[in-house]
Amino acid sequence: VNAQGDGLDSNGDLIFNGGFVTVDGPTSGGDSALDAGTENGGKMLAEGGTVIAVGLASMVENFDSSSSQPSITLYTDSTRRRGTVVTVANSKGEEIISYTSKKYFSGVIITSELFEKGETYTVTVGEESYEFTIDETVNSNKTETGRFGNTKQMPTAPNVSE
């Protein structure tokens, strides 16, 4: 999905059961790469497959904690340019996911059936790396709660051109 506004927008439950899904966007601060309408009771569930979504992080909706597989929500320190490579490596240093963004972004949401609880993963965004130990179903590098009961990012507008 290559979106200017909401990437995948269900206005209700959004359930991933398998496959490999990529989402680029939004490029506007009032939209989300994955939008299950959590403000109205919708849930986003990770039940199988791999999803990697990149976009502006001002309205991020996380996967629900009742998902059967773990997810990672990552907020970058600055807005990244399109063409930035996002990789996930396991604790052995083996790359298990790689994606090149098609838009600028400040947030990344990843879920994969390859994730195992108790394992440590390194998510590299361009030249910066972030380490996550999967100890919960929903894992994030920020802990502040946002408008929809999800973690939020401070920057809301891109500071780079697409």
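The values are calculated or read from the model by the stated rules, or taken from the named source; none is laboratory data. In this text the structure is predicted, and so the values were computed from the model without any measurement. A quick note on method: Cβ atoms are made from the backbone with ideal geometry, for glycine too, and the neighbour counts reach across all protein chains shown. Just so you know, the surface numbers come from the protein's heavy atoms only, side chains and all, with ligands and any DNA or RNA stripped out. Shrake-Rupley method; radii C 1.70, N 1.55, O 1.52, S 1.80 Å.
Summary table
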| quantity | calculated |
| --- | --- |
| Theoretical FRET efficiency, 1/(1+(r/R0)^6), r = Cβ-Cβ of E127 and N2, R0 22 Å, to 0.05 | 0.35 |
| Selected from I134, A3, V108, residue furthest toward positive end of dipole (the chain; charges at beta carbon) | A3 |
| Normalised per residue, the volume of the convex hull around the Cα set of the chain (Å³) | 94 Å³ |
| Accessible-area composition of the stretch 18-120, carbon plus sulfur, in percent [1.4 Å probe] | 42 percent |
| Most to least packed among 54-60, 91-97 [average Cβ atoms within 10 Å] | 54-60, 91-97 |
| Antiparallel bridge percentage (DSSP; both residues within the chain; nearest 5) | 65 percent |
| The chain - accessible surface per residue (Å², probe 1.4 Å) | 44 Å² |
| Cut-off under 5 Å, modelled amide H: who pairs with L45 long-range | L14, I15, F16, D64 |
